[in-house]
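Only one structure is covered here, and it is reproduced in the block below.
The values are calculated or read from the model by the stated rules, or taken from the named source; none is laboratory data. Just so it is clear, the structure is predicted and the values come from calculations on it, not from any experiment. Cβ sites come from the backbone with ideal geometry, for glycine too, and all protein chains shown count toward neighbours.
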């Protein structure tokens, strides 16, 4: 399958802001956003981190990951992880399920079932399908990997609570839309990394509007976690004005 031409994060943000006033407002509220550094242990390290962090608070997950890295000799690689004994990894804090997931990830990379070196030649859906063959990696984890490790912009993670809450805050929707309500906002092929003209036509509670592209997921997270009071006041003001 052909892979779309790459677009910079800054260009994508400018595009969605230009097409959607609500998102332009969020960009102004949150300010410049950018990517954090890529994982020091490459794509494999990013997937190990994703598995370790599942269903854990950040600080606890960081501590466990640090002990896992120490247990494999200081560098995450399929060979090093495969060679580490179960006892050492369990002592690092891994649950039995996460250990099984990491074993499966290492095995599939080592035997070539999962090739992490050819991502640039694969579409988003092809990468998601290959990652979902690994125990413990579902669509959400694969989408986060696409967005933050591979830096793909045209990802629409409707299962992500931050995206749904950010969309609700941006448009004054309470409770936030469900994943099913956001799913129809899949963008048109010609509008990559930009809001779709289609709205949530199947929901009377949600007026037609643009899509939150993967490029501005950080804005949604910022609204959900760092700016609740600012946005709450802003939404309240909009509702008051609308009432008059």
- Selection from segment 130-164 of residues over 10 Å from the mean Cα position of the chain (by Cα), crowded, with 22+ Cβ neighbours inside 10 Å and not in a loop (DSSP other than H, G, I, E, B) yields 131, 164
- Message: Just checking: which of the helices (runs of 4 or more DSSP H) contained wholly in segment 1-101 hold 1 or more residues that are over 29 Å from residue 117 (Cβ atoms) and assigned by TED's automatic domain parsing to the domain that holds residue 171?
- Response: 9-19, 21-30
- Message: Pairs please, first residue from segment 73-87 and free of Cβ contacts under 8 Å to residues at least 24 places away in the same chain, second anywhere and part of a helix (DSSP H, G or I), Cβ atoms under 8 Å, 6+ apart in sequence or on different chains.
- Response: 73/80; 84/71; 86/99
- Item | Per-region count, segment 28-45, residues touching a residue at least 40 places away in the same chain (Cβ under 8 Å) and closer than 18 Å to residue 147 by Cα | 8
- Query: Mind checking which pairs have a first residue in segment 46-68 that is more than 13 Å from residue 98 (Cβ to Cβ) and a second that is at pLDDT below 95, Cβ under 7 Å, 6 or more apart or different chains?
  - Reply: 46/39; 46/145; 46/149
